[in-house]
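Undergrad: Next up is a structure, given as structure tokens.
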Amino acid sequence: MTDAGTITAVVDSILDAFTALLGFVGSAFCRLFGAVGVDLVCYPFMQRALLAGVCVGVVAPLVGSFLVHRELALIGDTLAHAAFAGVAVGLFLGSATALPVSPTLTALVVAVLASLLVQLIAERTDTYGDVSMAIVLSGGFALGTVLVSLTDGGIAVSINQYLFGSLSTVRREDALVLSLLSLAVVGIVWRYYRQFVAVTFDETAAQVAGIDVTQTTRLLVVLTAFVVVAAMQIMGVILVAAMLVVPVATAAQLSRSFRESMLVAVVAAELAVVVGIGLSYSYGLAAGGTIVLVAIGGYGLALLVRRVGRR
Amino acid sequence: MSERDSGRAVATFEDVTFGYSETPAVEAVSFGLDAGDFLGLVGPNGSGKSTLVRLLLGLDRPDAGRVRLFGQPAHEVDTGTRVGYVAQAAATAGRKMPVTVREVVRMGRYPHVPHGRFRREDRTAVDDALATVGITDLDTRRLGALSGGQRQRVFIARALATEAEMLVLDEPTVGVDAASRESFFELLATLNREGMTVVLVEHDIGVVTTYATHVACVNRRLYFHGDADGFAESDALAQAYGANQRIVEHDHDHDHEHHD
């Protein structure tokens with residue numbers, strides 16, 4: 001057996017184990033919720049979509065909390081559009097070479113490279129200029145559209161699902177990749193929580209306190225790339241950034257402490273994802289758009305609660 | 001510097017020149033700082049005060065000359081557990097971010113505990129710091145809900161929680177009302193009497209001559225360095241501010257020292 005064959009076999013067995021685990025959890029949920037007439041958890045494709053949604057609901061607000069309060073929210077949008085270029089690269093390579101190239105993995109590679117490029121520009125110019133950000137954002141999207149036009153007709157169909165997101169097209173390997181990405185994000189945020197908090201709160205004081213601000217920021221933008229790629233599948237690249245920003249804005253209205261705000265943001269995001277996916281499934285609505293509208297509704301509610309609470 | 005007792009020297013500037021552009025922000029500056037000093041750093045806007053602080057903390061490296069801190073080149077010093085720093089405009093910082101008073105003060109312990117659980121001594125240091133500046137009863141409040149004066153004390157408490165040897169404050173009372181300012185400077189003077197070395201950048205000359213033990217007056221160059229009484233009697237102030245009148249048209253392009 002060749003090395004490539006060995007790798008394929010290993011990947012396949014991991015995928016099978018992952019599918020079995022997901023199926024086991026899924027059927028448990030199916031028995032639980034199916035009894036009360038909620039059947040969407042009984043279909044494997046919806047189980048994968050829900051898993052994707054739940055993961056996004058955890059990691060997007062975690063990373064978003066640090067981005068928003070450092071006024072770097074635009075980075076999410078920039079990397080999402082770069083990830084689109086990555087998807088196009090994957091589809092292009094796939095159709096050009098007939099190799100099974102995963103667009104999710106190429107999106108990950110391109111998004112991580114773009115995050116480091118954005119960070120490098122920021123380090124050189126001492127600022128996250130909206131001009132450099134806009135160049136990477138539109139450049140990524142432009143590269144994506146050009147690559148799409150270079151490829152045969154079939155690609156245009158599959159590109160739509162990445163632009164606008166889709167519940168029905170989360171494949172087994174996508175679900176596995178985004179689960180691993182989410183675990184990595186949670187682990188890294190857990191490990192470097194204090195460094196992220198200190199740098200977010202007061203960069204110069206963090207530097208005096210001996211924290212490597214540059215490395216911490218690089219780590220944060222790479223994590224953002226992870227989140228964007230994980231969320232892209234169901235949210236679509238155009239709406240990914242909303243999950244980094246909206247739940248965090250909601251939580252900022254309702255929380256006193258930063259720790260509490262991260263927890264509230266995750267709860268707000270999970271509610272938006274689950275309610276959004278439910279509505280999307282029941283009424284045939286666009287998943288990403290529904291989730292974002294529910295999230296924004298939650299933000300409106302938080303504003304209201306705060307105003308009433310002040311009286 | 002040469003006549004100083006080197007065992008007590010905390011920091012020394014030796015003929016230091018540094019600039020962000022071709023015109024130096026500080027030029028040929030030499031002075032020393034001893035343990036237990038309360039140094040007031042005064043000068044007009046854009047005179048290089050904040051630049052001197054950045055050099056002192058090792059955030060920037062001099063183009064020429066040497067800056068030494070705790071006996072080492074300043075940029076090589078691990079300042080984390082030894083220096084408490086309060087940035088310019090700290091009173092107005094952190095309005096939007098949801099963060100409690102206790103969370104901010106706990107950040108002062110992060111250099112001691114970058115990962116893992118806080119130990120008993122860390123919690124004690126945080127509690128003591130809150131008590132010293134008199135904000136124990138505010139500890140669960142959101143920082144953004146406090147007045148400028150209260151917020152100022154939070155930042156001092158964070159620096160105190162570090163249990164540092166030296167406090168460095170860069171115009172800490174911008175945006176703070178007069179009564180809070182006075183009690184704030186009293187607090188600094190008390191800390192200094194208890195042995196803390198203090199470096200205070202301040203544009204209010206009256207404050208500096210009242211509370212500081214030593215004064216350095218800069219406007220790109222050093223116009224005075226000595227004890228506070230000597231400064232009041234000298235004409236260094238007029239010279240330094242007079243010098244600013246002549247260079248003002250060259251100076252405004254690096255006026256943005258750091259207002260982040």
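Undergrad: Restricting to region A:252-311, name every residue that is of a type in the set (Lys, Arg), without any contact (Cβ under 8 Å) to a residue 40 or more places away in the chain and part of a helix (DSSP H, G or I).
TA: Within region A:252-311, the subset of a type in the set (Lys, Arg) is A:256, A:259, A:306-307, A:310-311.
Keeping just the survivors that are without any contact (Cβ under 8 Å) to a residue 40 or more places away in the chain gives A:256, A:259, A:307, A:310-311.
A:Arg259, A:Arg307, A:Arg310 - these are the residues of region A:252-311 that are of a type in the set (Lys, Arg), without any contact (Cβ under 8 Å) to a residue 40 or more places away in the chain and part of a helix (DSSP H, G or I).
Undergrad: Could you please tell me which pairs satisfy a Cβ distance under 7 Å, a separation of 6+ or placement on different chains, a first residue in region B:191-203 that is on the phi > 0 side of the Ramachandran plot, and a second residue that is surrounded by fewer than 20 Cβ atoms within 10 Å (Cβ to Cβ)?
TA: B:Gly195/B:Gly36
Undergrad: Listed residues A:Ala96, A:Ala82; which is assigned by TED's automatic domain parsing to the domain that holds A:Val146 and modelled with pLDDT under 90? Don't jump to the end; show me each part of the working.
TA: Details: A:Ala82 fails: modelled with pLDDT under 90.
Unique residue meeting the criteria: A:Ala96.
Undergrad: As an exercise: evaluate A:Arg70 against (1) at pLDDT 85 or above; (2) of a type outside the set (A, V, I, L, M); (3) assigned to a helix (DSSP H, G or I) and give the number of the one condition it does not meet.
TA: Just one mismatch for A:Arg70, condition (3).
Undergrad: Conditions first: (1) at pLDDT below 90; (2) farther than 22 Å from A:Leu50 by Cβ. A:Ser255 passes all but one, so which condition is the exception?
TA: Unmet condition: (1).
Undergrad: Do the conditions hold for A:Ala60, that is, is it open to solvent by 40 Å² or more (accessible area, probe 1.4 Å) and in the same structural domain as A:Ala184 (by TED's automatic domain parsing)?
TA: Working: open to solvent by 40 Å² or more (accessible area, probe 1.4 Å): no; in the same structural domain as A:Ala184 (by TED's automatic domain parsing): yes.
No; evaluated as a whole, the condition is false for this residue.
Undergrad: Output the helices (runs of 4 or more DSSP H) that fall wholly within region A:157-251 and possess 1 or more residues being over 17 Å from the mean Cα position of the chain (by Cα), within 14 Å of another protein chain (Cβ to nearest Cβ) and modelled with pLDDT under 90, or say none. Walk me through it before giving the result.
TA: Numbers: elements: A:172-191, A:193-201, A:203-208, A:213-235.
Answer list for region A:157-251: A:203-208.
Undergrad: Another question, then. Which ones in region B:206-234 are surrounded by fewer than 23 Cβ atoms within 10 Å (Cβ to Cβ) and not in a strand (DSSP E or B)?
TA: Scanning region B:206-234 gives B:Gly206, B:Val207, B:Thr209, B:Thr210, B:Tyr211, B:Thr213, B:Ala228, B:Asp229, B:Gly230, B:Ala232, B:Glu233, B:Ser234.
The values are calculated or read from the model by the stated rules, or taken from the named source; none is laboratory data. As the structure is a computational prediction, the values presented were derived from the model and not from experiment. A quick note on method: Cβ atoms are made from the backbone with ideal geometry, for glycine too, and the neighbour counts reach across all protein chains shown. Note: accessible area is taken over every heavy atom of the protein model, side chains too, but ligands, DNA and RNA are not part of it. Shrake-Rupley method; radii C 1.70, N 1.55, O 1.52, S 1.80 Å.
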